[in-house]
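Single-structure report; data block below.
The values are calculated or read from the model by the stated rules, or taken from the named source; none is laboratory data. In this text the structure is predicted, and so the values were computed from the model without any measurement. Cβ placement follows ideal geometry from the backbone for every residue including glycine, while neighbour counts extend to all protein chains displayed. Accessible surface is based on the protein model in full, side chains and every heavy atom, while ligands, DNA and RNA are left aside. Shrake-Rupley method; radii C 1.70, N 1.55, O 1.52, S 1.80 Å.
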Amino acid sequence: MSNWTLKEKSTGELQVTLSGEKWKNAQESAFKKLAKEVEIDGFRKGQAPKALIKKRISDALVQNEAVNDVANELLQDGIKEHDLWPVARPELKVNSISGDEVDLTFIITVKPEVTLGEYKGLKYEVEDVVASDDEIKSEIEKLRTQYSEVSTKNDAAVEGDTVVIDFEGFKDGVAFEGGKGSNYELKLGSNTFIPGFESQLIGIKAGESKDIDVTFPEEYHSEELKGAPVTFKVTVHEIRENKLPELNDDFAQDLNIPEVETLEDLNKKIKSQIETQKKSKNENLATEKLINEVVDNATVDIPQQMIDDETNQMIQEFAQNLQMQNFGFDQFLKATNQTIEDVKTQMATDAEHRVKMRLVLEAIAKNEDIQVNDEELDAEFQEISSQYQMEIEKVKSLVPAESLRYDLKVRKALDLVKESAVK
């Protein structure tokens, strides 16, 4: 038997006493294990008479070894008895120990209790959407650019042209690190370079060279170059222009978009796509606002360990996203002049909100007795299999069923909140 006492920040004490036959047996097992390592002259290792071995092994050593052997079993029994959900590695304290009895305390941080506030009947307002003429025109111009023909020109460069350049930057007459490039393709008007750089190349011709004076922004990542005036020596090798296709029915047909045969069809299609995207965005914003209200209405005292774990998870996700862009996390830290502790501090608030949101949705699922049956679980496995074009058995080997069941339960809790909202 054990006693559980909950204290501050969802941290409590599980007090366990072990005595009698079980404690005697634990000490005997511990003695046998220690005895196997005892070496006494004239005997093979661990084979000396018990009386001699006892002289080499103190009672305190046996008792400490016995505690190590039984602690995890006692902990798991206590967790089961009191229905605890630890969120961090427990700390063990030995209060007292003797040959007759051992008294232990496990200090455990557990998942906190949530006091729910209002989560039904809240406002869920999705703003109406409309695609403006400018938005439609912008998307069509992107398509024209995508299908444009690139050709070399001999005339002076204008905005929208691509110049192929060599460049080298100098500060106070000395070349600085990272300021040199060869055969670099720069589209004028793309705002890729330092403000003022691209505009000074308008009017230049292939074969010409020019000194360009600019000033680095005050927020630039390099301490040496922040706010510094510099000069770039630039040579233009080639100027390329994009010849846009004419905006007519032939262009619309060349796009090979289903149900698009005319320019009017294309406008309607683009309009529909923009409105679908904007509606999805507005729905996401409305859902975020709704769930934030539900979370704010609830009360929960989150242990720091849960926030730290979530912060570390967010950093891992961020690092993976950087890696997908061929940019390492260490590179990011260096480029932004930050330490990992700086990033953790920035992410901690969002991490706390994510933890609280998850706990609140769990509490709603429990309060509403939301369940996920095997058919729903199988359907979700099938959906993942189709989405990633992966054999369903492979999906099941990668995604634990209970983890997926949990995600579905939380999602159903969110759906309940949305369905009960006033629209």
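Let's see how each residue does on (1) touching a residue at least 60 places away in the same chain (Cβ under 8 Å); (2) surrounded by fewer than 11 Cβ atoms within 10 Å (Cβ to Cβ); (3) over 25 Å from residue 286 (Cβ atoms):
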site	(1), (2), (3)
358	no, no, no
368	no, no, no
384	no, no, yes
390	no, no, yes
418	yes, no, no
Fill in the blank from the handout: Within segment 313-343, the residues that are under 30 Å from residue 117 (Cβ atoms) and open to solvent by 60 Å² or more (accessible area, probe 1.4 Å) are 313, 317
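Does segment 204-219 hold any residues that are surrounded by fewer than 11 Cβ atoms within 10 Å (Cβ to Cβ) and touching a Gly at 6+ places or on another chain (Cβ under 8 Å), and which are they?
If we filter segment 204-219 for residues that are surrounded by fewer than 11 Cβ atoms within 10 Å (Cβ to Cβ), which is where we start, we get 211, 218-219.
Once the filter is applied, which keeps residues that are surrounded by fewer than 11 Cβ atoms within 10 Å (Cβ to Cβ) and touching a Gly at 6+ places or on another chain (Cβ under 8 Å), segment 204-219 yields only 218.
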Practice task
Could you tell me whether residue 302 is within 28 Å of residue 111 (Cβ to Cβ) and in a loop (DSSP other than H, G, I, E, B)?
Solution key: yes
Practice task
Go through (1) assigned to a helix (DSSP H, G or I); (2) β-branched (Val, Ile, Thr); (3) in contact with a helix residue (DSSP H, G or I) (Cβ under 6 Å, 6 or more places away or on another chain) and name the single condition residue 287 misses.
Solution key: (3)
Practice task
Check 186, 201 and return the single one that is open to solvent by less than 70 Å² (accessible area, probe 1.4 Å) and within 30 Å of residue 332 (Cα to Cα).
Solution key: 186
Fill in the blank from the handout: Those residues of segment 156-179 which are charged (D, E, K, R), touching a Gly at 6+ places or on another chain (Cβ under 7 Å) and within 15 Å of residue 216 (Cα to Cα) amount to 168
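Of the residues in segment 79-108, how many are outside any loop (DSSP other than H, G, I, E, B) and open to solvent by less than 30 Å² (accessible area, probe 1.4 Å)? It would help to see each step written out before you state the result.
Pass one, segment 79-108, residues outside any loop (DSSP other than H, G, I, E, B): 79-82, 86, 91-97, 101-108.
Now restrict to residues that are open to solvent by less than 30 Å² (accessible area, probe 1.4 Å): 79, 102-106, 108.
Residues flagged as outside any loop (DSSP other than H, G, I, E, B) and open to solvent by less than 30 Å² (accessible area, probe 1.4 Å) within segment 79-108 amount to 7.
Kindly provide the set of residues from segment 344-356 that are open to solvent by 70 Å² or more (accessible area, probe 1.4 Å) and within 21 Å of residue 292 (Cβ to Cβ), ordered by number. Outline the logic, then answer.
In the first step, residues of segment 344-356 are kept if they are open to solvent by 70 Å² or more (accessible area, probe 1.4 Å); the result is 345-346, 349-350, 352, 354.
Of everything in segment 344-356, those that are open to solvent by 70 Å² or more (accessible area, probe 1.4 Å) and within 21 Å of residue 292 (Cβ to Cβ) turn out to be 346, 349, 350, 352, 354.
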Handout entry: Residues of segment 12-37 classified as surrounded by fewer than 19 Cβ atoms within 10 Å (Cβ to Cβ), in a strand (DSSP E or B) and either β-branched (Val, Ile, Thr) or free of Cβ contacts under 8 Å to residues at least 24 places away in the same chain (or both), total
Key = 1
Practice task
Please identify the pairs in which a residue from segment 146-163 that is touching a residue at least 24 places away in the same chain (Cβ under 8 Å) and within 13 Å of residue 237 (Cα to Cα) has its Cβ atom under 6 Å from the Cβ atom of a residue that is open to solvent by 90 Å² or more (accessible area, probe 1.4 Å) and not hydroxyl-bearing (Ser, Thr, Tyr), counting only partners at least 6 apart or on another chain.
Solution key: 156/205; 162/185
Practice task
Scan (1) open to solvent by 40 Å² or more (accessible area, probe 1.4 Å); (2) closer than 28 Å to residue 332 by Cα; (3) out of contact with any strand residue (DSSP E or B) (no Cβ under 7 Å at 6 or more places or on another chain) for the single condition residue 222 breaks and write down its number.
Solution key: (1)
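Being hydroxyl-bearing (Ser, Thr, Tyr) and surrounded by 13 or more Cβ atoms within 10 Å (Cβ to Cβ) is the filter; apply it to segment 109-129 and report the residue that is nearest to residue 417 (Cα to Cα).
119
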Fill in the blank from the handout: Of (1) open to solvent by 30 Å² or more (accessible area, probe 1.4 Å); (2) modelled with pLDDT under 95; (3) closer than 24 Å to residue 241 by Cα, residue 166 satisfies every one except (2)
Exercise for the section: Look through segment 280-300, keep the residues that are closer than 23 Å to residue 113 by Cα and touching a strand residue (DSSP E or B) at 6+ places or on another chain (Cβ under 9 Å), and return whichever of them is surrounded by the fewest Cβ atoms within 10 Å (Cβ to Cβ). Expected result: 299
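Only one of 318, 381 is within 27 Å of residue 296 (Cβ to Cβ) and assigned to a helix (DSSP H, G or I). Can you tell me which? Give the steps one after another, and end with the answer.
Numbers: 381 fails: within 27 Å of residue 296 (Cβ to Cβ).
Result of the check over 318, 381: 318.
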Handout entry: Lone unmet requirement of (1) modelled with pLDDT of 95 or more; (2) closer than 26 Å to residue 400 by Cα for residue 305
Key = (1)
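Going by what's in this entry, would residue 145 be described as at pLDDT below 90 and open to solvent by less than 70 Å² (accessible area, probe 1.4 Å)? Step through it out loud before you land on a result.
On the way: at pLDDT below 90: yes; open to solvent by less than 70 Å² (accessible area, probe 1.4 Å): yes.
Considered against the rule, which asks whether it is at pLDDT below 90 and open to solvent by less than 70 Å² (accessible area, probe 1.4 Å), residue 145 comes out as yes.
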Practice task
Specify the residue that is nearest to residue 148 (Cα to Cα); the eligible residues are those in segment 232-251 that are open to solvent by less than 40 Å² (accessible area, probe 1.4 Å) and modelled with pLDDT of 95 or more.
Solution key: 239
